[in-house]
Every structure is written in structure tokens, then in C-alpha cells.
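Report on the structure given below.
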Amino acid sequence: MSDKDTPFFVGYLPVPKGLRGLLLAVCVLFISGLAGFGLALGVAQDDPGEGAFRFDYGRQTVTGVVELTPYPLLRVTEGNERIPAGHTLMLAGGGKTNVERRAIPLEGQLARASGVLLQRGDLDMMQLRGGRNGLGPAEGVAPELPTEPLGRWKLAGEICDGKCLAGAMRPGRGLAHKACANLCLIGKVPPVFVSSQPVDGHEFLLITGPDGGHFPESAYHYVAQFVSLEGEVERRGDLLVLRIDPETLEVLD
Amino acid sequence: MSVKYIPVQWNSNKYIYDAVMLLGVALFLYIFLYAAPGLLSHERPINPQVHNARAFGACAFVMLTVILCIGPLARLDKRYLPLLYNRRHFGVMTVFVALTHAGYILDWYFAFSMSDKNEALLFANTSYGQLAGFPFEAFGIFSLFTLILLAATSHDFWMKFLSPPVWKRIHYLIYPAYLSVVAHVSFGILQDQQNHVFTVIFIGGAAAVGGLHLLAALHERRADQALSAEAADWVPVCDVSEMTEGFAKIRLLANGDRVAVYLNDGKLSAISNACAHQNGPLGEGRIIDCLVTCPWHGFQYDVTSGRSPAPFTEKVPTYNLKIEGTDVLVDPKANPPGTYVEPLIAPKAGGTA
């Protein structure tokens, strides 16, 4: 029921005088409210961290020995000012792709890798250029490079895709990023474990499957969550490789 | 009111409504996209695609929240009915903002792989059996498709084509869609957020929607209790002295229908309280130019026949009335829509017909 004292609005007629003040106030509140929310929400975004593509370094070219974990690594033997000899680089293709097809024929051999570096703290990865320009054989005899077993470890932390984590996406970790991380891992981009406690001085470890294979499908449900797991850790140059035991994966609160 | 379908029947109020809405949305996006980054003390910026996706996603959530607050607000205080008038434009705009959000997400997180990005959206995360890491994208997809459906059928053509009750039921999907948006945000960005400003705004917005709907429901329940009538051959409405020229008294009949009894030019007539357009409460309107005018969108009806004036074709049921002393009574059996009923001369207060 309506009453005489309430102004009556009809859309196709002029706004009644009794409503104009209120509607003007609503318009001002709406516009300023949306502007305020835009500002409040815009500045409330978390820092995605320091990881990034280092295009500012320019194209990097180094030589080293190709190893397959099965994720391709380059044990650098001839570096440059950014990537020293003795460093171990994880290798990835463009986007969410891997470089295994190019790396497999070069396993155990000296190769030249060229591309752009991604870097977050002591985690880095090289996104290779296309074809043999990105990864090709180098002259010389590959030296024997040691792999040092560090035993079985129980660790807590997060399973991420190494490329987004290293800075390909900012932010590049967390539950909101899980589908993207899974898609990278499906593309065989190297997975990385972010340990809550340093392991032999390292926060980041390359993950492989239990039998030296790829990251197991059953473990995808645990990606981007805070988990505990067990596995064998080995050192390859300055990179730790964690061979996970998927049976031990457990979500932590 | 419409006699033929055109995309939008513009009038000055709609222009003002849309201009205010667009200005608000443009300011939200401009400030989020261009002003906020300068205020963030991040060592390196968030990816522009992620920043854009967040801006459009947050904007769509705020817009949807405002849209859903308008209905109960107008039920609680009729001075806010003008906000309801052009709400569908607000809804359609929200769909475009939400689509832009989805586009950025799809072209960023689900691109760059060997798979089609649309397929990747569906298979990349299949952890449906767990809460943490649940594929919250599924909630977003449901909401987006529902909003598209609602926007696509928002025109009066679809209401006429589907019939108002079916159309109304379809458009109640806005509530599952909003709940799904709440789940989308709760299982997504809220899981990672360290800064809790968004959490507070999000919970506040969702609580405002829920709280206002609860208040409006309680308000209507109380009002319905006051209006409800026992089943009878003739249902008492009120004493004629309680009626005001140009206004109505509403009665809730035992079968759930509402009847609006109007006093027009000293005569009494009764029509259904539900407008043929969107079931707006005709009894909460008033008579303008001898026609009952709906408070929602201004649809008009001849109070004696329930028919819209030519060339319009809308019709609502009418009811028979009788007067006993000064008591107005209504026959709860509705006449077919558009049936003329001779109006009754209202007795003077304290007298007889």
C-alpha cells in the first residue's frame, strides 16, 4: 500500500521533487563508493615477490653438460658474469612447454644453451630460444660431474611449477594459481619444492618422480598446498634434486 | 510499457541511471588499474594480465553485490524504488565486466600450453574431492554462464515469450549465481590473500546481501500477516473510511494471491496485485491519469477492467466487490484478465451505499 506522503517515482516521468535529494545522495554515494572500493581493493594486493624474467640481463649463452632427471638440467662448465661455472640451470621451453625433445639426444654431452633467465632469489631457470639456437651441441669432451646423495628427508612446504615460481607469472604460486601450476607440470615444466626450512642451505629443490620419472599424476592434487613429504635428496652442482615418495604426501593444516 | 519491441526504450531517467552506473564502474576500474599500482610498494609489479583480471573480477563482484542489495532495499523503503527501475542495464553491464575478467584469466593462466585454453580450463585442476585446492574456476564458470543467460533473456520480449512466471523463475538463478561467485572467491583468491582488506570488503558485501534479504523477508512476513485473510466466500478488506482516493488496500487471499482494492473518483474497484510485466505490486502504486500505475516500471491499467490503455495489451485479473454497511468485501475468485467489473460507489464514512 502506498500513501500520499511518499513521493511516487515513475520511470518515464520526471523525478518527484521529494526524491531528488535522496537520489542525488545515492548517486554521489554510489560513484564515490565504487571509486573507494577500486582504490581499497587495488592497493590491497599482495607483493608477488622478486621473481621475474630477467630481460634486463639480455640473452644469456652458456656451455655445460646436459643431464636428465628426467627434467633437463645444464651443469654449467663455461659460464658468464651472470651464470658462473659450477651452477646448475633448470631448462624450460616457451610458455608451458619443456625442452626434453632437444635435451634427450644431448644427455651427458657438452651443449650450448641460450635464452632468457628467470630468477627468484637462488632459484633460477633458463627459457631457451627455439630450436638449436636454444640448445645445441658444443665442441669438447664432457667432464664427469658428481652427483652427491644426501639421503632421505622429510620436508614441509609447497609444490610449485618452477617456471611460474621463478617469475614467469607474478604471482606464480598459491592455491589461486593451482590450475596454472598443474598445466605447467602437465607440460613437463620442472616442478620445484619450496621448503619451509632450508635443506642443506637451499629453499628450492627440483622435484622428480619416485623412480626417476616425471612428477607423478597422483601428486597433482597436492600442488600449491602446504604439504609434508619424504624423498631422497641429491646434489647436482648447486641444485638439490628431490625424488619424492608420493605415498608420504600429506596435507598440513 | 511496450506495444512493440525495441532494444531499449530510452528516457531521461534511464540515461541518468546508466551514466551514473558507467561513471562508477569506470572510476572503479580506472583507479584499480592506473592509480593503485603507483601506490603499491612492490619490488616488481604484478603481471598486467593478473592485475586486469583482478580489477574486472573485483568490479563484477561489487556490481553484483550492489544489484542484489537494491531489491530488498526497495522492499524495506519504497523511496529506493527508482534504483530498481533500470537495474537490468546494471546487470547486463556486470556481465560484460565479468566476461572481461574471464577473458584475462583464460588468456593468461590457461594459455601458453600445448592444449586448447578452453579445454585446459576444464582439465588442469580436477581436485574436486578436496576443499583446499578445489577447482574454484568451476564456480566462476557456472556464475558467468548464468549471468549471460540472465542478461540474454533480460529483455521484455523474453518475459512475454516465456511468460512472467517462467521468466521470473529463471531470473531467480541470480541467487545461485551469486552464491557461486562467493564460493569462487572463497576457494580462490581468499585462500592466498595476506592483506585482508579484500576479505573484509568481500565478507561485508556478501553479508549485506544476505542481511538485507533477511530483513526484507521478515518485513514482508509481518506485512503479509497483517494482510492475510481467512478463506471465505467474501473476504473483508477494510472499512471504506480507511481508503484514500487514488490509493489501494491490499489483501492476501487464502489461495496466496493478492488483490488490490482501489478507490478511484469515489468508486471502488479491485484488480490483481501482480503486474503483468514483472509481478510488481500494483497495490503499492497509485492512480495517475485515472490509471493504476505500477511502482516498479510504471506499467498502467484501467482499474475497472485490468487492461492497459490502447495500444498496449497487458491485462491483469479483476475481482468483484461488494459493500456491507461501510465494510468493503472482495470475492476471492478472480475474473479472467481484462474482465470489466462495474465499480461500486463508495459509501460516505458513517453512511451506506
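The values are calculated or read from the model by the stated rules, or taken from the named source; none is laboratory data. Note that this is a predicted model, so its numbers are computed, not measured. As a convention, Cβ positions derive from the backbone with ideal geometry for all residues, glycine included, and neighbour counts pool all protein chains shown.
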For this session: Could you give me the residue pairs with C-beta distances under 9 Å whose first residue belongs to the stretch B:141-162 and is outside any helix (DSSP H, G or I), whose second residue is among the aromatic types (Phe, Trp, Tyr) wherever it lies, and which are 6+ apart or on separate chains?
Result: B:153/B:161; B:153/B:167; B:155/B:5
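For (1) under 22 Å from the mean Cα position of the chain (by Cα); (2) assigned to a loop (DSSP other than H, G, I, E, B); (3) basic (Lys, Arg), each residue gets a yes or a no:
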| position | (1), (2), (3) |
| --- | --- |
| A:4 | no, yes, yes |
| A:14 | no, yes, no |
| A:31 | no, no, no |
| A:62 | no, no, no |
| A:77 | no, no, no |
| A:95 | yes, yes, no |
| A:104 | no, no, no |
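Confirm whether residue B:162 is within 25 Å of the chain's Cα centre (by Cα) and either closer than 20 Å to residue B:72 by Cα or not assigned by TED's automatic domain parsing to the domain that holds residue B:75 (or both).
No; evaluated as a whole, the condition is false for this residue.
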For this session: Check off (1) more than 7 Å from chain B (Cβ to nearest Cβ); (2) surrounded by 23 or more Cβ atoms within 10 Å (Cβ to Cβ) for residue A:24 and give me the number that stays unchecked.
Result: (2)
Exercise. From the set of residues in the stretch B:145-158 that are of a type in the set (A, V, I, L, M) and over 19 Å from residue B:84 (Cα atoms), which is farthest from the other protein chains (Cβ to nearest Cβ)?
Worked result: B:149
Exercise. Is it the case that the stretch A:65-82 has a residue that's of a type in the set (Asp, Glu) and either closer than 30 Å to residue B:287 by Cβ or within 14 Å of chain B (Cβ to nearest Cβ) (or both)?
Worked result: no
For this session: State whether the residues of the stretch B:222-243 include one that is in a helix (DSSP H, G or I), within 30 Å of residue A:47 (Cβ to Cβ) and of a type in the set (Gly, Ala, Ser).
Result: no
Exercise. In this structure, does residue B:23 turn out to be over 30 Å from residue B:307 (Cβ atoms), touching an Asp or Glu at 6+ places or on another chain (Cβ under 9 Å) and within 8 Å of chain A (Cβ to nearest Cβ)?
Worked result: no
Exercise. Counting just the residues of the stretch B:22-51 that are within 29 Å of the chain's Cα centre (by Cα) and not hydrophobic (A, V, I, L, M, F, W, C), which one comes out farthest from residue A:33 (Cα to Cα)?
Worked result: B:30
Exercise. Looking at the stretch B:106-118, is at least one residue part of a helix (DSSP H, G or I) and buried (at least 17 other Cβ atoms within 10 Å of the Cβ)?
Worked result: yes
Seminar exercise, completed: By residue number, the members of the stretch B:151-182 that are modelled with pLDDT of 95 or more and among the β-branched types (Val, Ile, Thr) are B:153, B:170, B:174, B:181, B:182
Seminar exercise, completed: Among (1) farther than 30 Å from residue B:41 by Cα; (2) at pLDDT below 95, residue A:50 falls short only on (1)
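Given the residues A:200, A:245, which is the only one that is more than 19 Å from the chain's Cα centre (by Cα) and at pLDDT below 95?
Going through A:200, A:245 in turn, just one is more than 19 Å from the chain's Cα centre (by Cα) and at pLDDT below 95: A:200.
Would you mind finding the one in A:174, A:187, A:201, A:162 that is surrounded by fewer than 24 Cβ atoms within 10 Å (Cβ to Cβ) and more than 12 Å from every other protein chain (Cβ to nearest Cβ)?
Only one candidate qualifies: A:201.
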Seminar exercise, completed: By residue number, the members of the stretch B:62-120 that are within 28 Å of residue B:281 (Cα to Cα), within 13 Å of chain A (Cβ to nearest Cβ) and of a type outside the set (A, V, I, L, M, F, W, C) are B:65, B:77, B:78, B:79, B:80, B:82, B:85, B:86, B:87, B:88, B:89, B:94
For this session: Please identify the pairs in which a residue from the stretch B:6-21 that is of a type outside the set (S, T, N, Q) has its Cβ atom under 8 Å from the Cβ atom of a residue that is surrounded by 15 or more Cβ atoms within 10 Å (Cβ to Cβ) and not in a helix (DSSP H, G or I), counting only partners at least 6 apart or on another chain.
Result: B:7/B:155; B:14/A:11; B:14/B:86; B:17/B:86; B:18/B:86
Exercise. What's the number of the condition residue A:208 fails, among (1) within 30 Å of residue B:45 (Cβ to Cβ); (2) surrounded by 18 or more Cβ atoms within 10 Å (Cβ to Cβ); (3) of a type in the set (Ser, Thr, Tyr)?
Worked result: (1)
Exercise. Which residue, of A:85, A:92, is aliphatic (A, V, I, L, M) and more than 20 Å from residue A:145 (Cβ to Cβ)?
Worked result: A:92
For this session: Would you point out which residue out of A:228, A:218 is surrounded by fewer than 23 Cβ atoms within 10 Å (Cβ to Cβ), at pLDDT below 95 and among the hydroxyl-bearing types (Ser, Thr, Tyr)?
Result: A:218
Problem set entry | Yes/no for residue B:295 being assigned to a loop (DSSP other than H, G, I, E, B) and surrounded by fewer than 22 Cβ atoms within 10 Å (Cβ to Cβ) | no
Exercise. Looking at the stretch B:253-262, is at least one residue outside the structural domain of residue B:87 (by TED's automatic domain parsing), within 21 Å of residue B:84 (Cβ to Cβ), touching a residue at least 24 places away in the same chain (Cβ under 8 Å) and touching a Gly at 6+ places or on another chain (Cβ under 8 Å)?
Worked result: yes
Exercise. Among B:139, B:123, which is the only one that is within 13 Å of another protein chain (Cβ to nearest Cβ) and surrounded by 16 or more Cβ atoms within 10 Å (Cβ to Cβ)?
Worked result: B:139
Problem set entry | Members of the stretch B:37-60 that are modelled with pLDDT under 95 and hydrophobic (A, V, I, L, M, F, W, C) | B:39, B:40
Exercise. Residue B:161: touching a His at 6+ places or on another chain (Cβ under 6 Å), of a type in the set (A, V, I, L, M, F, W, C) and more than 10 Å from chain A (Cβ to nearest Cβ), yes or no?
Worked result: no
For this session: Give the residue, chosen from B:46, B:6, B:31, B:16, that is at the interface with chain A (Cβ under 9 Å from one of its Cβ atoms), hydrophobic (A, V, I, L, M, F, W, C) and outside any helix (DSSP H, G or I).
Result: B:46
